[in-house]
Amino acid sequence: MIYLTFIVIFLALRMIIVPPSFGELTDDYTYRWFRANSVREIMQLDMKFATKEMCERCHKDKVEFLNSGAHRTLSCETCHGPSMKHVQNPGDNMPKIDTSRALCKLCHEYNPTRPKGFPQKYTDEHGYGRLCVDCHNPHSPWVFKGEVTGNG
Amino acid sequence: MSEILWVVLQHVQGYIYPNEVEVNWSVLIALYPYITGLVAGAFIVASLERIFKVEAVKPTYRLALLTALAFLLCAPLPLVAHLGHPERALEIMMTPHLSSAMAGFGFVYAWYLMAVLLIELYFDYRRDIVMWAQTERGIKGFIYRVLTLGDYDIGDEATKSDNKIVNIVTIIGLPSAAFLHGYVGFIFGSVKANHWWSSPLMPIIFLFSAMVSGIALVLLIYIASGYIRGIELDKDCTDTLANYLLYSYLLDLSLEFMELAQLFYTQEEGIDAIRVLIFDKLFWTYLVIQVFLGTLVPIFLLIAARTGIFKFNVRKWIYIFATTLTLIGVFAMRWNVVIGGQLISKTYLGYTIYILPLFGPESLTLNLVIWILPFIILAILVKLLPPWEDTHKWEKAELE
Amino acid sequence: MVSRRKLLMAIAGLAGFASLRKAVKAQEPTENYDWTKHYYSFVVDTRKCIGCGRCVRACKLENEVPLEPFYFRTWVERWVWLKNEKGPKVDSPNGGFDGFPPKYDERVISKSYFVPKLCNHCDRPPCVQVCPVGATYKTKDGVVLVDEKYCIGCRYCIQACPYGARYLYPRDGPRVTRRNTADKCTWCYHRITRGYKPACVEVCPVGARKFGDLMDPDDEVRKIIETERVQVLKPALGTLPKVYYLGIDSEVR
């Protein structure tokens, strides 16, 4: 009757509307019912952050210096921000170099919730009025620049 | 949208996951089970006469079916309005993921609409449609002639087989109506992440409060129709409907009580948060509107009406009052489940708030529009397919 | 007449059946990456986390997540227990994006630490189970992803996630194709399939976040899971999360 034509139209419509790659990689209906091209698309998204290894390719000395000091557990981009564009096009897109006290405070301002033994300071009483990087080398913080008096 | 969220953020209490500031299922999702509940309830009123042979409610049989149809046609509206990508809505029928209760929507809805309601209406009205097709003129006549689908046979045998078909379809329709609304309850009841929702009783509670709201709606429309048409109401019909309303109310109340009792007895992890939810966050919508005004007061009124100490005129007003309160109370129940469940955080340590915008998507205005639309459709359907037994008297009244 | 009708019905039935069943052709999505050779896992060491919030920021920048405080793929919570008080005090100002301003005097603190949170990429993800259209799925290498072109934005998965890991990408978000769809942490699938680490793991200055491949015998994460006492969040819900925590109390949700 009329209903049968509805069903036939529905099935025909389905063959047109459903994306072709749907179910291509489905071996588990409950957890893997999807459009296969979606995985391919997600794999091809752009990276905004590079990696420390990529920085090392060109900035070997800097990274070696970094790995020799207390900041060896950091990645370059922890402070310098996303740098993939710079890796792809080294002349442009220079990563930010933020020398403000605010950046260092993010990790090193005294906060009782941080684990014991982590280097923290009450920054209001430490080097107030100057930039942290005036005394501390940001890539190896226990390497001091110029004269450092006892009061910090 | 973000502007509202900034306001909500200021009112957040305790600790909630940062993604939980936004209440994801808005009032539209509270409206949807309300509408399908009315459909299921109205269909149950219709089946009272057909299957359970309660002769007294026969005057409301066709009215209940038309009400069910009018609301069913509007049921997908709140859902589609709520979707982030309504243009992709057909995907739910094209690639349904049946491990999800929501995936059943397209098929259950299509089944109920096409295989149950339309067939039942068509075969029940067929004799009248054929007669009207032969007597009416103009656009109405044209519509009737189309509706006959070319079959003008209204002899005894044809009418008898029509009747049989309607009986079969009603019997199939009862579980279908239950499924149409029960699966919505299951959508909530199966979410183990949410302590307010997760319960095996949820589908049943939804179903019974749907029955309550459906019977109340049909009763209210029947009484209203009496006023609009200026015709005496059938006392037996009205009283019987009110009785069934009372019975389903008592069942509904005991089920909701059972669920609450279970929650407070087992005292699982989220119980402190739920206690705050019920007695503080949802105090007005739950304790005052849903429980007191929406359940206890109507039950009391219906019991009072049943005692027979009131004359029919007074009883009519009691029914009007009780059914209006019921309809508000059942909506409050949907609100409390849907939005209440999202007010408590999954951390059990905090609460967010829900702000209902007046205009725009997911707003009060849109809700009112979707809520009023079925009544307009019902008015058109009643004009087109009059459900009254005394059609000829009605036509005469219109001509005069 | 009747036989023709029957033939039509048979054809319709066959066509319908054929359209529903597609042979599972390939086993890997692309040629240069075989997803059957990897099975990823994540470890969060809360004994090391300093609450600097670099991970939250890196994730938002890497994955075009809106910067408002209502949308997070990952965030950091601060759990504080005060002396003489029952129950923890938890907060997460802007998800930890700008760090954590001091809130309690250390003299009243009994214990406190930071807990980074992210999608747990459960092995039995309730979010995948409830998706009505098949827009979210679990890959063979164990990562739960969302198809932004297919998601209808019904938000059922957001309700079903017990960890609050999902959110709806707002209608005014930076990435146009992702608007009004569900979004969540993907373990930076676009990075890990190229052999790199997720952005949050990459920038963590103390190594509190660790990402690894359980199929790799020398993997650090595999070693931790096999030798140390690890925990997962909300194990009673049976979701089998794959993010393992070191150093949290059982009270942490």
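The values are calculated or read from the model by the stated rules, or taken from the named source; none is laboratory data. What you see is a predicted model; the values in this text were computed from it and never measured. Cβ: placed from backbone, ideal geometry, glycine included. Neighbour counts: every protein chain shown.
Being in contact (Cβ under 8 Å) with a residue 12 or more places away in the chain, of a type in the set (A, V, I, L, M, F, W, C), assigned to a helix (DSSP H, G or I) and buried (at least 17 other Cβ atoms within 10 Å of the Cβ) is the requirement here; does A:MET47 meet it?
no
I'd like to check which strands (runs of 3 or more DSSP E) are fully inside the stretch C:28-124 and have at least 2 residues that are facing another protein chain (nearest Cβ under 8 Å).
Hits in the stretch C:28-124: C:74-82, C:89-91, C:109-118.
Touching a residue at least 40 places away in the same chain (Cβ under 8 Å) and within 14 Å of chain B (Cβ to nearest Cβ), is that true of C:LEU240?
yes
Please pick out the residue among A:PRO90, A:PRO95, A:PRO112 that is closer than 23 Å to C:THR46 by Cα and either more than 14 Å from chain C (Cβ to nearest Cβ) or not in a helix (DSSP H, G or I) (or both).
On the way: A:PRO90 fails: closer than 23 Å to C:THR46 by Cα; A:PRO95 fails: closer than 23 Å to C:THR46 by Cα.
Of A:PRO90, A:PRO95, A:PRO112, the one residue that is closer than 23 Å to C:THR46 by Cα and either more than 14 Å from chain C (Cβ to nearest Cβ) or not in a helix (DSSP H, G or I) (or both) is A:PRO112.
Which condition number does A:GLU77 fail, the rest of (1) in contact (Cβ under 8 Å) with a residue 40 or more places away in the chain; (2) under 30 Å from C:ASP141 (Cα atoms) being met?
(1)
When you scan the stretch B:65-101, how many residues do you find that are in a loop (DSSP other than H, G, I, E, B) and within 15 Å of C:TYR156 (Cα to Cα)?
Step one: of the stretch B:65-101, the residues in a loop (DSSP other than H, G, I, E, B) are B:75, B:83-85, B:89-90, B:95-100.
Checking the rest, the ones that are also within 15 Å of C:TYR156 (Cα to Cα) come to B:83-85, B:89, B:96-100.
Result for the stretch B:65-101: 9.
Would the stretch A:36-49 turn up any residue that is farther than 30 Å from A:LYS96 by Cβ, of a type in the set (Val, Ile, Thr) and within 33 Å of the chain's Cα centre (by Cα)?
yes
Going through the stretch A:1-44 one residue at a time, which ones are surrounded by 15 or more Cβ atoms within 10 Å (Cβ to Cβ) and part of a loop (DSSP other than H, G, I, E, B)?
A:VAL18, A:PRO19, A:SER21, A:GLY23, A:GLU24, A:LEU25, A:THR26, A:THR30, A:TYR31, A:ARG32, A:TRP33, A:PHE34 - these are the residues of the stretch A:1-44 that are surrounded by 15 or more Cβ atoms within 10 Å (Cβ to Cβ) and part of a loop (DSSP other than H, G, I, E, B).
Can you say whether B:PHE186 is among the aromatic types (Phe, Trp, Tyr) and either free of Cβ contacts under 8 Å to residues at least 40 places away in the same chain or crowded, with 21+ Cβ neighbours inside 10 Å (or both), as far as the supplied structure shows?
No; evaluated as a whole, the condition is false for this residue.
If A:CYS79 passes every condition in (1) more than 7 Å from chain C (Cβ to nearest Cβ); (2) within 26 Å of C:TYR33 (Cβ to Cβ); (3) out of contact with any His (no Cβ under 8 Å at 6 or more places or on another chain) but one, which one does it miss?
The number of the failed condition is (2).
Report, by residue number, each residue of the stretch B:335-391 that is assigned to a helix (DSSP H, G or I) and within 14 Å of chain C (Cβ to nearest Cβ).
Across the stretch B:335-391, the qualifying residues are B:VAL337, B:VAL338, B:ILE339, B:GLY340, B:GLY341, B:GLN342, B:LEU343.
Counting only residues that are within 13 Å of chain B (Cβ to nearest Cβ), over 15 Å from C:TYR150 (Cβ atoms) and not in a loop (DSSP other than H, G, I, E, B), how many does the stretch C:172-199 have?
Count: 1.
Tell me which residues, restricted to the stretch C:145-161, are under 14 Å from the mean Cα position of the chain (by Cα), buried (at least 24 other Cβ atoms within 10 Å of the Cβ) and facing chain B (nearest Cβ under 7 Å).
C:ILE158, C:CYS161
I'm told B:TRP317 meets every condition in (1) touching a Ser or Thr at 6+ places or on another chain (Cβ under 8 Å); (2) surrounded by fewer than 21 Cβ atoms within 10 Å (Cβ to Cβ); (3) assigned to a helix (DSSP H, G or I) except one. Can you identify the failing condition by its number?
Going through the list (1) touching a Ser or Thr at 6+ places or on another chain (Cβ under 8 Å); (2) surrounded by fewer than 21 Cβ atoms within 10 Å (Cβ to Cβ); (3) assigned to a helix (DSSP H, G or I), B:TRP317 breaks only (1).
Any idea which of (1) within 16 Å of the chain's Cα centre (by Cα); (2) more than 10 Å from every other protein chain (Cβ to nearest Cβ); (3) in contact (Cβ under 8 Å) with a residue 40 or more places away in the chain is the one A:SER68 doesn't satisfy?
(1)
Just the residues that are β-branched (Val, Ile, Thr) and either outside any loop (DSSP other than H, G, I, E, B) or in contact with a Ser or Thr (Cβ under 6 Å, 6 or more places away or on another chain) (or both), please, taken from the stretch B:148-166.
B:THR159, B:ILE165, B:VAL166, listed by residue number.
Mind listing whichever residues of the stretch C:130-144 are in a strand (DSSP E or B) and either at the interface with another protein chain (Cβ under 7 Å from one of its Cβ atoms) or modelled with pLDDT under 95 (or both)? I'd like the intermediate steps shown before the answer.
Within the stretch C:130-144, the first condition is being in a strand (DSSP E or B), and the residues that meet it are C:136-138, C:144.
Of everything in the stretch C:130-144, those that are in a strand (DSSP E or B) and either at the interface with another protein chain (Cβ under 7 Å from one of its Cβ atoms) or modelled with pLDDT under 95 (or both) turn out to be C:TYR137, C:LYS138.
When you check B:ASN24 against the structure, is it in contact (Cβ under 8 Å) with a residue 12 or more places away in the chain, within 10 Å of another protein chain (Cβ to nearest Cβ) and touching a strand residue (DSSP E or B) at 6+ places or on another chain (Cβ under 7 Å), yes or no?
On the way: in contact (Cβ under 8 Å) with a residue 12 or more places away in the chain: yes; within 10 Å of another protein chain (Cβ to nearest Cβ): yes; touching a strand residue (DSSP E or B) at 6+ places or on another chain (Cβ under 7 Å): yes.
Answer is yes for this residue.
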